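First the structure, in the form of C-alpha cells, and then the observations on it.
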Amino acid sequence: MKRTMITTLLASVLLFAGGCSDNFDDSALWKGVDEIYNQLTELEKQADELNGQVRLLASVVNGGVITSITQDAEGNDVVRFKGADNVEHSVTVATKDDVTTAPILGTKEDGGVLYWTTTAGGKTDFLKDTDGAKIPVAGRTPEVAVDKEGYWTVNGRRLTDAAGSPLKAEGKERSLITGISRDANGNAVFTLGDGSTVSAPVFDAFNIVLKVGDTVLGDEYVVEDASQPLTIGYEITGEKAGETILRIMRAEKLTATADTAAGTIAVAFGNAFEEGSFAVMLCDTEENVLIRVVRLAAKSAKPEYYGIKTAEDLRKFAEAVNSGRSYDRYRDESGDVVLLGDIDMTGTTEWTPIGTAENPFTGKFDGKGYALKNIDWTADAAKSTAHGLFGVLNRATVRNLTVGAAGDKLTVRGTAGAGTAVAGVAAFATESVIESVTNNVSISFEAEDPAGTLVMLAGIAGQMTGTTIGGTSAAVKCANNGDITTGPIANTANGGTGMQVGGICAYIKSAENNLIGYCTNNGRVNAPSGRGGGLAGTFEKGTIANSLNNGLVEDDAAGQYAGQKDKYGIKRMGGLVGGSTTTGCVIENCNNLGNVITHLGCRTGGFSGHNLGTIRNCKNTGAIIGNVTVDGTNLHGPGWACGYNQSASLIKGCIGNGFVGDYDTYKDAPTTAPAAMHTTAVCHKQSNYDTEENTVDWSLPAYYDWELKQSVQLHPGVKYTYYEFTNLPRKMHVLELDLTNDAVEISTSMADDIVPNPNGNNNSNNGKNIRETLSENCARKRAEGQEILAGFNTGFFNSHDGFPRGLHIEEGRPDFVNNKTVRTSLTNHANAFTVFKDRTASCGKKVFTGKIEVGGAEYEYYSINDTILRQGSVSQEANLYTARYKKTPHPGTPSLTNPLLKKALYVVAKNTSGNPMTVNDGWFEATVTRIDDGRTTPLAEAPYLTTLDEWAVQLTGATAEAFAAKLSVGSTLRIRADVAVDGVTKPIVTQNSTMYHLLADGVDKNLSSSVYDPMTYVGVDQAGTKVHFFVIDGRQDWVSMGVKFYEMVRIAQKFGCWNVTRFDGGGSTTLWLYTDGAGKVVNKPSDSKGERSCMNYMHVRIKQ
C-alpha cells in the first residue's frame, strides 16, 4: 500500500533514504521532515461527536485511512484515522442500546460522484450549498449543529421533517454511524443511519501503542506528579514495524526524548507545569507517515472548579485571552466559559477588556443568568481604542449575562484615538452573537474627541460587523439600562467620522448578517454632534427588528453650543437610529416611546434622523422636539418619522403618534406639543412620505382641522364650500342643502337618459368614452330647462354593459331595478340615498317589490330595464322594461345594442292616466296595446317603447302561459312598484343606490376600509332635512389624499350629520358647479384622462 500523505518534498526525502535501520544516519531526512511539519496547520480542537463522525467520513472518502478500531470501557467503538495531513485523530461511535441513530447525513452516488445527503422525516435529499449545488463528499465537509432554539442544522440551515417542520434535537445521545464492519478485502465499512455505506482502507503497515505502566494512553493523560519525569513506553506494531522510524516532533511546554533502543519516551516538566503536548511521528520507506499527538496535564493544575467565580478569576481569564494562552480552566464541560455566580467588582477601578485585536475572544461566554456588580471603572482613552467588559469579539458568543447594576458606571477620560469604541458589554463585535444580555453600566465620555476622530459609545456594542444582538425571538432579548452621555467635544462631523452614540450599538458596519432583534434601550443617549439613536448611531447595513427605545435622546444636553443658531448641521438623531446610510438598512416592527429633543435644531426623527433605508411597521409615540431652520432649499428640524427621508417608498405601514413641536415653546413640556400629523412626519423633503401608506392618530380633533378656502351661496338653501385640511394633504368640497326650502330639489339622472347604456370599453373606465360625462349631462339638462346648480357622479356600475348596481328612481319613476338575484347578492349596496316627496331624506336600507295584477291574480315582476332582458331567466319569469331601454343607445356606434330575448311572450301596456308609473303611489291601471308571442316561433324582433307612460313585460314559463290565457289587446291590468326604506313606504322623488350605511342614527357602524379613496358621499341630519354632499379628492401625492370610512364619519359628524352613506368613489369622483353664468368641474378627478363617462349622476337644482 503506497500513499503520498504529506507533500512531494517529503516523498522525495524518504525515497533517498532507501531503507531504515539502527545504523542509518537519518538526520538529513528528519531535518527536511521538520521543515515540512512546521508548515502544517495548527490542529483544531475536537468538536462534538457528530461532527467528529462527519469529519471521519469526509476524511476517508478524501483519501484518508483507518489506523485502528478499538472499544472503550463502555463498549463504544473508538476509531482512529488519519487524513491528508497524516495527523491521527480519534472519534467515538456510540453503540449503546439507548443511543438514537440519527440519519441526518448520508451519502449517495450520482453520475459517478459521491454526494452528501440529508434525511429527515423519512425523506432523503441531496445536501445543497448556498448556491444550490450538491456538495460532494470529496469537497466541503458539512457542519452539524443545534441552533439556539434547539433544532438540528446542517451548514447553518435547519433540517425539516416530511411536513416541513424544523427537526427538534432531543436530549438523547445520537450517532450518524449505525455500524462498523470489515469487508472481504479488509476495508472498514461504515453504515450510516440512512442505510448508505462508506468504506475505507485500514492502514496495517505500522501503528503505535503508548503506555504508562499498564495504562494505554488515549489522546490525553493526567500526570500524577509533574515534579518528576514521566516515562512512557511504546510499541510499534504492524508488518512494517521493523522498518519504521520514530521521531518526537514539536514538544510544547515540556521536553520529550525518545530512546528507540529501550522503546521509551522520557518526558520532563518545568516549574508550574499545567499542560503541554508533544507529537510522535512515524514513517517507513514507502512514504507512509503517521503523527500521534499526546496531550499531558498536571493533576496538581486541575482547578477546584471550572468557570469564573470571583473578580480575580475574571481578571485572569482576560489575561489568558489577551495573551493567547489557554483559558480551559474557565470552561465547563460543554466548552463554554461560564460564571458560577454573581461577580462583585468592588475595588476594581481599572479594567482591561477581554479580547484584543491580536487575540480576540472567539469562544462562548455564558453568564448563566448571573451579573457583574459594583462596576466603577475609569478608562484612559489614550491607552486603547477598546473599552468595555469585552474589548474585541470575533466569531464569539456572549449570552445570559447582566453587566453592572443600577448606578454602575464606566468613565472615559483622556484623548480618544480614531476608531475608539466604548460599551458596557463589548467594544467591537465581529461575526458574533450577543443574546440574553442586559447592560446596566452607564457610559460617561469625559474625554476629548478631536475633530474628525471617530468615537463610538453604546450600551451593548460599540461597533458590530456581521453580528447579532438579541435575535429572532423574545427568548434572547437584550436590554440597555445605562445612560450613554458625553460632555463637550471638539468633533463636529455629522457622518461616519463623527461621535456615534447608541443605546444598543453605536456603529453598525456594512456587512452581511447584522441583526439587532428584540432589544430595548431604557437609557439616556446624548452627544452634541455626530449621530445618535436610541438603538444605534450609524446604521450601514442589516436589520433592526422588534426593538424598542424608551430612553431620552438628545444632542447638546451639555449646552456646549447654547444660544448658537447655526449648529443644526452637526448632528443627525433619531429615536431608533441617528442615520441609516444605504438601501441595505431595514428597520421593522420597532417602536420609539422616548422623547427626542434637538437643542440645535438638527434633523431629528422618531425613527431616524437621516434615512436611506427601509422603515416598515414601526410606531412612534415619543415627543420629537426642535426648531425648524430653513437653509435655502434645505430644512433642518424634527419629524415624527424622520428628519430627512430619501424616498416616500421607504416608509410603509408606520404609525405616527406622539408629538412634534418647536424647541423654544415645548422644550420643558414636550408632551404638550401638537400631536403628530402627516404634515410633521418628515422635516426635510416632506413629500418623501406617503400619507396613504402610513397612519397617524385620526381620532384626534386636530386631524380634522381644516381651513375654509371658498364659500359660495349658490341659492338660498344651497351653499358650496371648499376646504383644505391643516395637518394632512386633503381637499374637500361640500354642498350644504336645506330641504325646508321648497325651491331646493335633489334629482338624479342616467347618462343619456338610457339604461342599460353600454360603453363597450371592457370596463376600462378611464376618461371620456361613449356615454356622456357629468359635465355633458349637466349642460344637457340645463339646456332642457332644468336649473341645475351642481352635479356629481354617484353610480356604481358595469361600465362595459352600462347598468348600475342598485335601484335608480328619477322623478319618482323606477327607471332601473336590478333583477332579484343581483339584488340579493349585492349586500353592500342594500342602502340608498332617498329623497321623499315630503322633502325629507334618508340613507336607509331599501327593499323593492314589483306586482302586476291580471284577472284578479297578482304576479311578481323581478326587474326593470335590467340586462336580464337580453337572455331571459328560468327562475325569474317576468321582467319589466320602459322607453329607457333603447335598442341602439348610441346611433353613432351601431355595434353597441341592447337586444331583447326573441323566444318570449311580450305584453305592452299604456297607463290609463297618461303618466309614468311612480314608486309607492299604489296601483296604476293600464291597457294592453300589443302582444308579441315568440315562445313557439322566435320573434324577428321584440317590441321597443318610445314613451314613458308605456311599459312592457317580458314573460317566460308558467307566468307567460297565465298572461297569454288571460290577456288580449285592449285588456285592462294593473301594475305597481313599491320600495320600502327602513321598513317605511311613502312616495319617493329620488333614489340612488349607495354602498354601506356608515353612520346609522348617530351610531358609527365602525366599518373598515383598506385604502384611501377619492370619495363622494352624503350625510343627512337627524331631522332628515339638512343634506351634505361631500366630494373629496384623492390619489394625488401631497395634493390630496382620499379617505377611509372612519374619516368619512368623523368629517360628517362635524357638519351635524346623523346618517351617512357613500356613493361611488375612486377615479370617477367629480363635482360640477354652475357659477357666474358657466358650469365647470371644481375638483380634480384622479383619473389621468379626466372626467369619466359614468352611469349615474345626481343634481342639485332649483324648482321651476
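The values are calculated or read from the model by the stated rules, or taken from the named source; none is laboratory data. All values reported here derive from a predicted model rather than from experimental measurement. For neighbour counting, all protein chains shown are included, and Cβ atoms are generated from backbone atoms with ideal geometry for every residue, glycine included.
Kindly establish whether G1034 is buried (at least 19 other Cβ atoms within 10 Å of the Cβ), touching a Gly at 6+ places or on another chain (Cβ under 9 Å) and more than 18 Å from T721 (Cβ to Cβ). Give the steps one after another, and end with the answer.
Numbers: buried (at least 19 other Cβ atoms within 10 Å of the Cβ): yes; touching a Gly at 6+ places or on another chain (Cβ under 9 Å): yes; more than 18 Å from T721 (Cβ to Cβ): yes.
Yes.
From the list N920, N911, exactly one residue is touching a residue at least 40 places away in the same chain (Cβ under 8 Å) and at positive phi. Which is it? Step through it out loud before you land on a result.
Numbers: N911 fails: at positive phi.
After ruling out the rest, the residue left standing is N920.
Please count how many residues of segment 926-969 are closer than 21 Å to K886 by Cβ, touching a Leu at 6+ places or on another chain (Cβ under 9 Å) and polar (S, T, N, Q).
Qualifying residue count for the region: 1.
Can you find a residue that is under 32 Å from the mean Cα position of the chain (by Cα), on the phi < 0 side of the Ramachandran plot and of a type in the set (F, W, Y) anywhere in segment 1014-1023? Steps first, answer last, please.
Within segment 1014-1023, the subset under 32 Å from the mean Cα position of the chain (by Cα) is 1014-1015.
Restricting the remaining residues to those that are on the phi < 0 side of the Ramachandran plot gives 1014-1015.
Retained after the next criterion (residues that are of a type in the set (F, W, Y)): none.
Taking every residue of segment 1014-1023 in turn, none turns out to be under 32 Å from the mean Cα position of the chain (by Cα), on the phi < 0 side of the Ramachandran plot and of a type in the set (F, W, Y).
Taking the conditions exactly as written (surrounded by 15 or more Cβ atoms within 10 Å (Cβ to Cβ), more than 30 Å from Q228 (Cα to Cα) and under 40 Å from the mean Cα position of the chain (by Cα)), does D336 satisfy them or not? Steps first, please.
Values: surrounded by 15 or more Cβ atoms within 10 Å (Cβ to Cβ): yes; more than 30 Å from Q228 (Cα to Cα): yes; under 40 Å from the mean Cα position of the chain (by Cα): yes.
Spelling it out, D336 is indeed surrounded by 15 or more Cβ atoms within 10 Å (Cβ to Cβ), more than 30 Å from Q228 (Cα to Cα) and under 40 Å from the mean Cα position of the chain (by Cα).
Are there any pairs, at least 6 apart or on different chains, whose C-beta atoms fall under 7 Å, with the first in segment 865-885 and under 15 Å from T897 (Cα atoms) and the second basic (K, R), and if so, which?
N865/R884
Here is a list: I615, I624. Which entry is under 17 Å from A536 (Cβ atoms) and in a strand (DSSP E or B)? Spell out how you get there, then give the answer.
Numbers: I624 fails: under 17 Å from A536 (Cβ atoms).
Among I615, I624, only I615 is under 17 Å from A536 (Cβ atoms) and in a strand (DSSP E or B).
Among N828, N879, N793, N819, which is the only one that is assigned by TED's automatic domain parsing to the domain that holds V1081 and either basic (K, R) or on the phi < 0 side of the Ramachandran plot (or both)?
Working: N828 fails: assigned by TED's automatic domain parsing to the domain that holds V1081; N879 fails: assigned by TED's automatic domain parsing to the domain that holds V1081; N819 fails: assigned by TED's automatic domain parsing to the domain that holds V1081.
That would be N793, the only listed residue that is assigned by TED's automatic domain parsing to the domain that holds V1081 and either basic (K, R) or on the phi < 0 side of the Ramachandran plot (or both).
Can you name every residue in segment 841-887 that is in a loop (DSSP other than H, G, I, E, B), among the hydroxyl-bearing types (S, T, Y) and farther than 18 Å from H800 by Cβ? Give the derivation first.
From segment 841-887, those in a loop (DSSP other than H, G, I, E, B) are 843-844, 855-856, 862-863, 865-866, 871-877, 882-887; that's our starting set.
Checking which are among the hydroxyl-bearing types (S, T, Y) leaves us with 862-863, 873, 875, 882, 885.
Within segment 841-887, Y862, S863, S873, S875, T882 qualify.
Given the residues V294, V289, which is the only one that is modelled with pLDDT of 90 or more and surrounded by 15 or more Cβ atoms within 10 Å (Cβ to Cβ)?
Result: V294 is the single residue among V294, V289 that is modelled with pLDDT of 90 or more and surrounded by 15 or more Cβ atoms within 10 Å (Cβ to Cβ).
Being within 23 Å of F924 (Cα to Cα) and in contact (Cβ under 8 Å) with a residue 24 or more places away in the chain: is that true of E858 here?
On the way: within 23 Å of F924 (Cα to Cα): yes; in contact (Cβ under 8 Å) with a residue 24 or more places away in the chain: no.
No.
Those residues that are in contact with a helix residue (DSSP H, G or I) (Cβ under 8 Å, 6 or more places away or on another chain) and in a loop (DSSP other than H, G, I, E, B), I need them from segment 727-770; list them, please.
If the condition is that a residue be in contact with a helix residue (DSSP H, G or I) (Cβ under 8 Å, 6 or more places away or on another chain) and in a loop (DSSP other than H, G, I, E, B), then N727, L728, P729, P756, N757, N765, N766 are the ones that fit.
Give the residues of segment 209-239 that are crowded, with 19+ Cβ neighbours inside 10 Å and either more than 17 Å from V280 (Cα to Cα) or assigned by TED's automatic domain parsing to the domain that holds D125 (or both), sorted by residue number.
V223, A226 - these are the residues of segment 209-239 that are crowded, with 19+ Cβ neighbours inside 10 Å and either more than 17 Å from V280 (Cα to Cα) or assigned by TED's automatic domain parsing to the domain that holds D125 (or both).
Among the residues of segment 811-831, which ones are outside any loop (DSSP other than H, G, I, E, B) and buried (at least 24 other Cβ atoms within 10 Å of the Cβ)? Spell out the reasoning first.
Residues of segment 811-831 that are outside any loop (DSSP other than H, G, I, E, B), as a first pass: 813-817, 820-825, 827-829, 831.
Selection gives P814, D815, F816, V817, N831.
Run down G551, G532 and say which single residue is in a loop (DSSP other than H, G, I, E, B) and touching a Gly at 6+ places or on another chain (Cβ under 8 Å). Before you say what the answer is, go through the steps one by one.
On the way: G532 fails: in a loop (DSSP other than H, G, I, E, B).
Just a single option satisfies the conditions, and that option is G551.
I'm told S547 meets every condition in (1) surrounded by 22 or more Cβ atoms within 10 Å (Cβ to Cβ); (2) among the hydroxyl-bearing types (S, T, Y); (3) under 25 Å from G452 (Cβ atoms) except one. Can you identify the failing condition by its number?
Result: S547 passes all but (3).
Given segment 888-968, what strands (runs of 3 or more DSSP E) lie entirely inside it while holding 1 or more residues that are surrounded by 14 or more Cβ atoms within 10 Å (Cβ to Cβ) and under 60 Å from the mean Cα position of the chain (by Cα)? Please lay out each step first, then the result.
Working: elements: 905-911, 924-933, 950-955.
Passing ranges, in order: 950-955.
Give the residues of segment 771-801 that are part of a helix (DSSP H, G or I) and either among the aromatic types (F, W, Y) or surrounded by fewer than 23 Cβ atoms within 10 Å (Cβ to Cβ) (or both), sorted by residue number. Give the steps one after another, and end with the answer.
First, the residues of segment 771-801 that are part of a helix (DSSP H, G or I): 774-783.
Hits for segment 771-801 are S775, E776, A779, R780, K781, R782, A783.
Tell me whether segment 250-267 contains one or more residues that are buried (at least 21 other Cβ atoms within 10 Å of the Cβ), under 30 Å from V202 (Cα atoms) and not hydrophobic (A, V, I, L, M, F, W, C).
Checked against the condition, which is being buried (at least 21 other Cβ atoms within 10 Å of the Cβ), under 30 Å from V202 (Cα atoms) and not hydrophobic (A, V, I, L, M, F, W, C), segment 250-267 yields no hits at all.
Could you name every one of the strands (runs of 3 or more DSSP E) located completely within segment 642-695 that has at least 1 residues being under 21 Å from M1041 (Cα atoms) and at pLDDT 95 or above?
On the way: elements: 642-645, 659-661, 682-684.
By residue number, 642-645, 682-684.
Quick check, is R247 basic (K, R), surrounded by 17 or more Cβ atoms within 10 Å (Cβ to Cβ) and either touching a residue at least 12 places away in the same chain (Cβ under 8 Å) or closer than 30 Å to H387 by Cα (or both)?
Details: basic (K, R): yes; surrounded by 17 or more Cβ atoms within 10 Å (Cβ to Cβ): yes; either touching a residue at least 12 places away in the same chain (Cβ under 8 Å) or closer than 30 Å to H387 by Cα (or both): yes.
It is true that R247 is basic (K, R), surrounded by 17 or more Cβ atoms within 10 Å (Cβ to Cβ) and either touching a residue at least 12 places away in the same chain (Cβ under 8 Å) or closer than 30 Å to H387 by Cα (or both).
Touching a residue at least 60 places away in the same chain (Cβ under 8 Å) and touching a Gly at 6+ places or on another chain (Cβ under 9 Å), is that true of A297?
Details: touching a residue at least 60 places away in the same chain (Cβ under 8 Å): yes; touching a Gly at 6+ places or on another chain (Cβ under 9 Å): yes.
Here the answer is yes, as A297 does meet what is asked.
Among (1) in contact with a Phe, Trp or Tyr (Cβ under 6 Å, 6 or more places away or on another chain); (2) within 17 Å of T385 (Cα to Cα), which single condition is A447 missing?
So the condition that A447 fails would be (1).
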